[in-house]
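Just so it is clear, none of the values below were taken in a lab; they were calculated from the coordinates. What you are looking at is a predicted structure, and each value in this text was computed from that prediction instead of being measured. Ideal geometry is used to build each Cβ from the backbone, glycine not excepted, and the neighbour counts take in all protein chains shown.
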Amino acid sequence: MTIHDKPLIAIVGATSKQGRSVTATLLQSQRFRVRALTRSKDSPSARALRALGAEIVTVPLELGRTKELVGAFEGAAGAFLMTPPIAPPDTSEAPLGRQLADAAVEAGVGHVVFSTLENVEKITGGTKYAPHFTDKAEVADYIRGLPVSHSFVMLAFFYTNLMEYYVPRYDGDTLLLPIYLPEDFAAPFVDPLTATGPVVLEIFSHPERYNGKTLPIVGDIISPREIVDTFRRVTGLKAEYRNAFSRDGLLRYFPEFAPNELLVRETLGMVEYAVEYGYFSGEHDLGWSRRLDPDTLNWEQFLRTTGWRGEKRAFGL
Ligand SMILES: NC(=O)c1ccc[n+]([C@@H]2O[C@H](COP(=O)([O-])OP(=O)(O)OC[C@H]3O[C@@H](n4cnc5c(N)ncnc54)[C@H](OP(=O)(O)O)[C@@H]3O)[C@@H](O)[C@H]2O)c1
């Protein structure tokens, strides 16, 4: 088989944490070619993907780009679709997801994988506000009605949220970890940088097996108390949990949220949903991704692999 005989997979958000994992895993498998879609082909992240062997295509991930997206999906046997972080009051996430799916269908892509989440609006009868979940669920519903073979992945909370968005801070010699969950509530978490790729590789390797399916990706089910205990044990640092679950707690530790009341509501709505209803609805087999890839990192392995000691880390550019 020459390189040109290998099926081509187009990856939206290829420089994202999820996208990078998918790109690297597909290329390392040597079973697929990868076309990486990015806003900026000269960014360090895009250059890193090119060095791995990906073809880089510039397409802004925004509304009104259907024609460029169709061109970027042309010739692809599969497409991995995801939506970037979009905060309210911006409501472009659902239309953007639909645009990605429409473009994949128009280009004749064989199988699409969309990174989705649960429909919080429907599950909670509209009592919890979490549009970045519900919008993805609505895109998934839309894709179910399109004439294309499709699967969905559904990732747990990212471990990386504590490095990127909810960063610990020192009080004297003690590191305080403000976490957006009650101390003893066990929630599903995952490392998007290593866990997404193996699942998506499996799906694109057997699209007929996974057509119509939603696959959860979970690395650990762990409470903030266990997160902090494990952190202390692995790093040897003094560390304590702080409550960023209530409005007061969230704004005490992350005052930068305050100017965007809708973002505060969304963050609280998301975590209240997770605590009261469960992050994943009951129908999912949360052990599936670990059985597929026994190397999926639990929290302790994530800490040991990354060497994280509480500092802020950026995953973008
Ligand atoms: N955090 C969690 O716990 C969690 C859990 C489940 C699902 N999610 C969902 O995962 C998605 C984010 O995935 P990720 O964390 O892997 O992405 P990420 O690392 O934040 O990267 C997003 C990528 O999207 C591209 N992009 C295009 N337009 C953008 C824009 N307007 N703003 C920011 N990035 C833009 C950027 O690539 P270029 O610059 O190369 O174009 C960037 O690399 C969100 O939809 C989020 O809701 C998050």
Of the residues that make up segment 122-129, is at least one touching a helix residue (DSSP H, G or I) at 6+ places or on another chain (Cβ under 7 Å), within 16 Å of the ligand (Cβ to nearest atom), under 28 Å from VAL264 (Cβ atoms) and not β-branched (Val, Ile, Thr)?
yes
Can you spot a residue in segment 214-227 that is out of contact with any strand residue (DSSP E or B) (no Cβ under 9 Å at 6 or more places or on another chain), surrounded by fewer than 17 Cβ atoms within 10 Å (Cβ to Cβ) and outside any loop (DSSP other than H, G, I, E, B)?
no
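Going through segment 104-121 one residue at a time, which ones are touching a strand residue (DSSP E or B) at 6+ places or on another chain (Cβ under 9 Å) and either within 15 Å of the ligand (Cβ to nearest atom) or over 16 Å from GLU68 (Cβ atoms) (or both)? Working first, answer last.
So the first thing to find is which residues in segment 104-121 are touching a strand residue (DSSP E or B) at 6+ places or on another chain (Cβ under 9 Å), and the list is 104-105, 107, 109-118.
Result: GLY110, HIS111, VAL112, VAL113, PHE114, SER115, THR116, LEU117, GLU118.
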Within segment 62-74, restricting to residues that are assigned to a loop (DSSP other than H, G, I, E, B) and surrounded by 14 or more Cβ atoms within 10 Å (Cβ to Cβ), the one that is farthest from the ligand (Cβ to nearest atom) is GLU74
Between a residue in segment 158-169 that is farther than 19 Å from ALA186 by Cα and any residue that is within 8 Å of the ligand (Cβ to nearest atom) and of a type outside the set (Gly, Ala, Ser), which pairs come within a Cβ distance under 7 Å, given they are 6 or more apart or on different chains?
GLU164/PHE315
Out of segment 25-61, which residues are of a type in the set (Gly, Ala, Ser) and surrounded by fewer than 22 Cβ atoms within 10 Å (Cβ to Cβ)?
SER29, SER40, SER43, SER45, ALA48, ALA51, GLY53
Do you know which residues across segment 204-246 are in contact with a Pro (Cβ under 9 Å, 6 or more places away or on another chain) and of a type in the set (Asp, Glu)?
ASP220
